[in-house]
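Here the structure comes first, spelled out in structure tokens, and everything after it is commentary.
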Amino acid sequence: MSLLKKLFGGTSVDFKALVQQGAMIIDVRTPAEFKGGHVKGAVNIPLQSLQASFSKIPKNKTIITCCASGMRSGSAKSLLKAAGYTVHNGGGWTSLNSKL
């Protein structure tokens with residue numbers, strides 16, 4: 001269970017407040033998935049392209065990752081955190097959207 005909490009962020013995060021404070025939402029789904037619907041203002045950087053795109057992601061902003069279910073965004077969170085970013089896993093984009 002602790003692994004799941006680590007992957008999905010076991011603590012309660014106020015995503016709406018983070019966005020109001022300038023957090024960047026990165027949707028790590030494929031471009032086709034993103035085109036089918038996404039959180040307003042989200043940037044689409046597919047998980048497989050994430051590391052190559054670090055130079056486009058500001059280090060001074062909090063990052064919120066999202067995807068379809070929370071699995072890819074959990075992987076993205078780990079990659080970003082290892083690179084020194086402040087990051088939260090927003091989980092599935094529809095769920096995140098309802099919290100904003």
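The values are calculated or read from the model by the stated rules, or taken from the named source; none is laboratory data. None of the values given here were measured: they were computed from a predicted structure. Every residue, glycine as well, gets a Cβ built from its backbone with ideal geometry; the counts of neighbours run over all protein chains shown.
Is there any pair with a first residue in the stretch 54-80 that is of a type in the set (F, W, Y) and a second that is in a loop (DSSP other than H, G, I, E, B) and surrounded by fewer than 19 Cβ atoms within 10 Å (Cβ to Cβ) whose Cβ atoms are under 8 Å apart and which are 6 or more apart or on different chains, and what are they?
Between residues of the stretch 54-80 that are of a type in the set (F, W, Y) and residues that are in a loop (DSSP other than H, G, I, E, B) and surrounded by fewer than 19 Cβ atoms within 10 Å (Cβ to Cβ), the close pairs are F54/A83.
What number of residues within the stretch 1-39 are under 19 Å from W93 (Cβ atoms), in a loop (DSSP other than H, G, I, E, B) and either touching a strand residue (DSSP E or B) at 6+ places or on another chain (Cβ under 9 Å) or at pLDDT 95 or above (or both)?
10
From the set of residues in the stretch 81-100 that are in contact (Cβ under 8 Å) with a residue 40 or more places away in the chain and in contact with a helix residue (DSSP H, G or I) (Cβ under 8 Å, 6 or more places away or on another chain), which is farthest from K35 (Cα to Cα)?
Residue satisfying both the conditions and the ranking: H88.
Provide a single number: the residues in the stretch 40-61 that are surrounded by fewer than 17 Cβ atoms within 10 Å (Cβ to Cβ), part of a loop (DSSP other than H, G, I, E, B) and of a type outside the set (G, A, S).
5
Scan the stretch 50-80 residue by residue and report those that are touching a strand residue (DSSP E or B) at 6+ places or on another chain (Cβ under 6 Å) and hydroxyl-bearing (S, T, Y).
T65, S69, S73
Please specify each residue of the stretch 33-50 satisfying the condition of being out of contact with any helix residue (DSSP H, G or I) (no Cβ under 9 Å at 6 or more places or on another chain) and either closer than 14 Å to L80 by Cβ or basic (K, R) (or both).
K35, S49
Looking only at the stretch 69-88, count how many residues are in a helix (DSSP H, G or I) and more than 12 Å from the chain's Cα centre (by Cα).
Residues in the stretch 69-88 being in a helix (DSSP H, G or I) and more than 12 Å from the chain's Cα centre (by Cα): 1 in total.
Residue by residue, here is whether (1) within 13 Å of the chain's Cα centre (by Cα); (2) within 16 Å of F15 (Cα to Cα); (3) modelled with pLDDT under 95; (4) not hydroxyl-bearing (S, T, Y) holds:
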position: L50; (1), (2), (3), (4): yes, no, no, yes
position: C67; (1), (2), (3), (4): yes, yes, no, yes
position: G90; (1), (2), (3), (4): yes, yes, no, yes
position: K99; (1), (2), (3), (4): no, yes, yes, yes
